[in-house]
Amino acid sequence: MSSSYHFISGLPRSGSTLLSAILRQNPRFHAGMSSPVTAMFKSVLNIVSAGGEFSGQISNEKRQRLLAGLFDNYYADCDKDVIFDTGRGWTGQLAAMKILYPESRFICCVRDVAWVMDSMEHQFRKDPFENTRLFNDDVERASVYSRVNALGMHNRMVGSVWAMLKDAYYSEEANSLLLVDYALLSSVPHNVMPLIYDFLGEQPFEHNFDHVEYDAAEFDANLGVEGMHRISGPVKRNERRTILPPDLFKKYSEMSFWQDQKGTRAHVIAPKRTEVEGQGE
């Protein structure tokens, strides 16, 4: 059976696990948390591209076949019609993926960046007896300022993904992107999901938003952030005050570039900026 591929990407702590948990209710769909395909794709590309030891022996056509083969072999035992591969790095490979899979679509989950940082800090504080692998040393772990600023670097968990997403947002292939804000997905999923199905060109499906389940316990334990990818119960938006200092919250709240939709062909499902205050876990 030949499956069609789409991709889930976007910022951390912005609803990609929730979206996958909802999508997988559709018996035609496969969706889950981040797969290793992104990393394998980049590794193979490094080997067969200029600078790689064997690049001179591999034509561009063979290079494309090798990379497409990663998907075909990884998902060879998947019997679903539509496969959603989740990976934060896919927005950095947008041009390549549109050549391999021209009909593919990219759903990018986003959230006010200050609330992304707030959520990461909230996870860190849940267990003061665990040194999560998200930080390299005691200097980075020392305070909320060092932790948040470390995550925001352009080669780290939040900063690198933010930069790739912004690059894709203004790229020539941006028409294949749909940015979905967590504030709306978590509060009015019954309104958001039909728009996602329309973007994908798929027939609507009646999802059960009162009972959505997903867990990746082993993956979270390896990171040292227990429950980070656990979804259980009804889809709802929880309200709480931020735990970030005001100056830090203000700094990162100004990075939500998708609020400005001029100069891009990307599709965006997001609330007005004044509506995103107070969005907790």
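The values are calculated or read from the model by the stated rules, or taken from the named source; none is laboratory data. Note that the structure is a prediction, hence the values are computed from the model and not measured. Reconstructed Cβ throughout: ideal geometry from the backbone, glycine too, with neighbour counts over all protein chains shown.
One residue stands out in the range 176-217 among those that are surrounded by 14 or more Cβ atoms within 10 Å (Cβ to Cβ) and polar (S, T, N, Q): the one that is farthest from residue 31 (Cα to Cα), namely 187.
For residue 114, the stated conditions hold: it is under 20 Å from residue 169 (Cβ atoms) and over 16 Å from the mean Cα position of the chain (by Cα).
Going by the structure shown, is residue 135 farther than 29 Å from residue 70 by Cβ, touching a helix residue (DSSP H, G or I) at 6+ places or on another chain (Cβ under 6 Å), of a type in the set (A, V, I, L, M, F, W, C) and not in a helix (DSSP H, G or I)?
The answer is yes for residue 135.
One residue alone among 15, 69, 92 is closer than 24 Å to residue 173 by Cα and in contact with a strand residue (DSSP E or B) (Cβ under 7 Å, 6 or more places away or on another chain), and that residue is 15. Selection of strands (runs of 3 or more DSSP E) fully inside the range 179-281 by the criterion of at least 1 residues being modelled with pLDDT under 90 returns 212-214, 231-233.
Reported count of residues in the range 145-175, each being surrounded by 20 or more Cβ atoms within 10 Å (Cβ to Cβ), over 20 Å from residue 34 (Cβ atoms) and out of contact with any helix residue (DSSP H, G or I) (no Cβ under 6 Å at 6 or more places or on another chain), is 2.
Restricting to the range 187-196, what's the tally of residues that are out of contact with any helix residue (DSSP H, G or I) (no Cβ under 7 Å at 6 or more places or on another chain) and over 11 Å from residue 107 (Cα atoms)?
Residues meeting the conditions: 6.
Pull up the range 27-47, narrow it to residues that are of a type in the set (S, T, N, Q) and under 17 Å from residue 76 (Cα atoms), then point me to the one that is modelled with the lowest pLDDT. So that I can check it myself, show each step before the final result.
Step one: of the range 27-47, the residues of a type in the set (S, T, N, Q) are 34-35, 38, 43, 46.
After this cut, where a residue has to be under 17 Å from residue 76 (Cα atoms) as well, the list is 35, 38.
Numbers: 35: 92, 38: 95.
It comes out as 35.
Listed by first and then second residue, the pairs with beta-carbon distance under 8 Å, at least 6 apart or on different chains, first residue in the range 251-263 and farther than 22 Å from residue 145 by Cα, second of a type in the set (D, E, K, R) and buried (at least 17 other Cβ atoms within 10 Å of the Cβ), are 258/181.
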